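Report on one structure; see the data block that follows.
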Ligand code: UDP
Ligand code: MN
């Protein structure tokens, strides 16, 4: 009898750390399915070791090894390297059915019921809901489908430059054909979508099953004060504040308690007791260049108290920032403040 598995992908150490948190979150919620991590050649040995203790299977994928169709596609579209790697999930033919989850997602409850769905089931994309978001999807591994996808890729490219564009063009009846292939949004809740419809989040947010840290800034770009349990050091990026602080904290709590000990064992470091934890971060698009890696050993940074406190901004300046889409969601425009304001309106 063939099995069923959750599958994720990491081509470098940053995403590998995301994959570890995802794997731990699925274990914490007692999945009965197998866990598979596809990893690229740039994932370093200590991260591989940590992945091995969380995942049932850690499989190296090298796009150049995957046969003629893949090589052809790659030669024509060098920009689609990571995307082609993601399509590798269809080659896991020792499983009957799988659920792919991006390495920047995290399970908030048991989601094994997803295996009752058919290929290709996915949740709407918050930016264009007639497209599905490819951060969480149900699929059936098949060499034939894999080959078709690669050929499609080579012939058509991707309208968004990534896997989501290809998959939406390939599974192009998703929006209209079969409502059972529409996963509820709570199976792929983009943390940035929360603020575009806050009352809905207030009303339905407690049903969230998977959070997806979609966008340029990922949880591992922040730091974490292990003593206070607070996420600190928001990166200087206008988008960064949009990650919901509660989910960020859940991610970091999982990283600090379940992932760090594994990494420390793998690196042969001393266990940490206090201080600020960091996971490395770079611009997403540069992360795959060989020799471009940040030091991957988890570091303990100076305590939070030494960090400069943010400058106060005038209300006019704040309004301008809002209008430019640069909200300070962990500061003045924090979720709690917005919620308070909203409550006063609703009353
Ligand atoms: N990914 C990876 N290395 C990269 C970029 C992406 O392994 O350099 C994988 C990883 O599983 C990631 C997925 O591809 O979650 C999709 O990329 P990302 O989550 O960054 O895109 P977004 O969801 O923000 O559009
Ligand atoms: Mn993602």
Computed lengthening from residue 249 to residue 27, 0.36 nm per intervening residue step minus Cα-Cα distance: 78.1 nm
Theoretical gain in end-to-end length, residue 195 to residue 93 [0.36 nm per residue, Cα-Cα removed]: 32.8 nm
Residue 52-residue 142 FRET efficiency (beta carbon distance; Förster radius 35 Å; 0.05 resolution): 0.85
Separation of the residue 44 and residue 178 label points, Cα + 7 Å toward Cβ, nm: 4.5
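Please give the contour-minus-distance gain from residue 233 to residue 130: 0.36 nm per residue of separation, less the Cα-Cα distance, rounded to one decimal in nm.
Length gained between residue 233 and residue 130: 33.5 nm.
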Packing rank of 195-208, 47-60, where each peptide gets the mean count of other beta carbons within 10 Å, highest leading: 47-60, 195-208
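Taken together, the values in this text are just the output of simple stated rules run on the coordinates, not laboratory data. Just so we're clear, the structure is a prediction, and the values are computed from it rather than from any experiment. As a convention, Cβ positions derive from the backbone with ideal geometry for all residues, glycine included, and neighbour counts pool all protein chains shown.
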